[in-house]
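Working notes for the structure below.
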Amino acid sequence: MRAVWLREFGGPEVLVAGDAPEPEAGPGQVVVDVAYANITFVETQMRTGGGPFPIRPPIVMGNGVGGVVSAVGEGVSPDLAGRRVLGSLGGSGGYAERAVVRADALVEVPSGLALDSAVALLADM
C-alpha cells in the first residue's frame, strides 16, 4: 500500500509518497479504500512542527477520509462492505490508499452527495 509520509517538519515538499503496511480491520473496525482525505489548516500547522497537537515524524498524517468500505472486522455488520462513508481516524493515517476506521465513527454518504463534497464537510462535523 502507498501512503504520504511526513518524515521531517517543513513545507509541503516534506510530504513524500512511500510504502506503508497494509491495514487490517480489528474488532469493531473497518478498512476504507480512501478516495479523498481532507486536509485542514491545523494539519498544515502540524506539518511545520506547530499547531495544537504535537506529532513526531515519521507519521502518515490525515484525520478525515472518504471512500468505500472494503473490509469489516469482527463484530461489524458485513452489510457495511461496499458502502460510501466518511470517517475520522483520531489524528493520523488518512493520507493513504486504505485506512482503518472505527465502525461506530462512520457516516454513510447519501447517493446524491458527491464523495469529495462530503469529505470537504467532514472538518465541520
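Points worth noting:
- Qualifying positions in the range 26-61 - modelled with pLDDT of 95 or more, of a type outside the set (D, E) and closer than 19 Å to A118 by Cβ: V30, V31, V32, V34, A35, Y36, A37
- The residue that is nearest to the chain's Cα centre (by Cα), counting only those in the range 45-104 that are within 16 Å of V14 (Cα to Cα) and basic (K, R), is R47.
- For the range 35-58, a residue qualifies if it is of a type in the set (A, V, I, L, M, F, W, C) and open to solvent by less than 30 Å² (accessible area, probe 1.4 Å), and exactly one does: M46.
- Scan the range 95-108 for residues that are open to solvent by 50 Å² or more (accessible area, probe 1.4 Å) and either within 11 Å of V32 (Cβ to Cβ) or in contact (Cβ under 8 Å) with a residue 60 or more places away in the chain (or both) and the total you get is 4.
- Of the residues making up the range 7-17, those that are free of Cβ contacts under 8 Å to residues at least 24 places away in the same chain and either surrounded by 12 or more Cβ atoms within 10 Å (Cβ to Cβ) or among the aliphatic types (A, V, I, L, M) (or both) are V16, A17.
- Test: residue in the range 107-118 that is assigned to a strand (DSSP E or B), out of contact with any Lys or Arg (no Cβ under 6 Å at 6 or more places or on another chain), of a type outside the set (K, R) and at pLDDT 95 or above: yes
- Considering residues of the range 73-89 that are under 18 Å from A35 (Cβ atoms) and hydrophobic (A, V, I, L, M, F, W, C) only, the residue surrounded by the most Cβ atoms within 10 Å (Cβ to Cβ): L86
- In the set S111, S70, S92, only one residue is crowded, with 17+ Cβ neighbours inside 10 Å and among the hydroxyl-bearing types (S, T, Y); that residue is S92.
The values are calculated or read from the model by the stated rules, or taken from the named source; none is laboratory data. Keep in mind that this is a model prediction, so the values were computed, not measured. No Cβ is skipped: glycine too gets one built from the backbone with ideal geometry, and neighbour counts run over all protein chains shown. All accessible areas refer to the heavy atoms of the entire protein, side chains included, with ligands and DNA or RNA removed. Shrake-Rupley method; radii C 1.70, N 1.55, O 1.52, S 1.80 Å.
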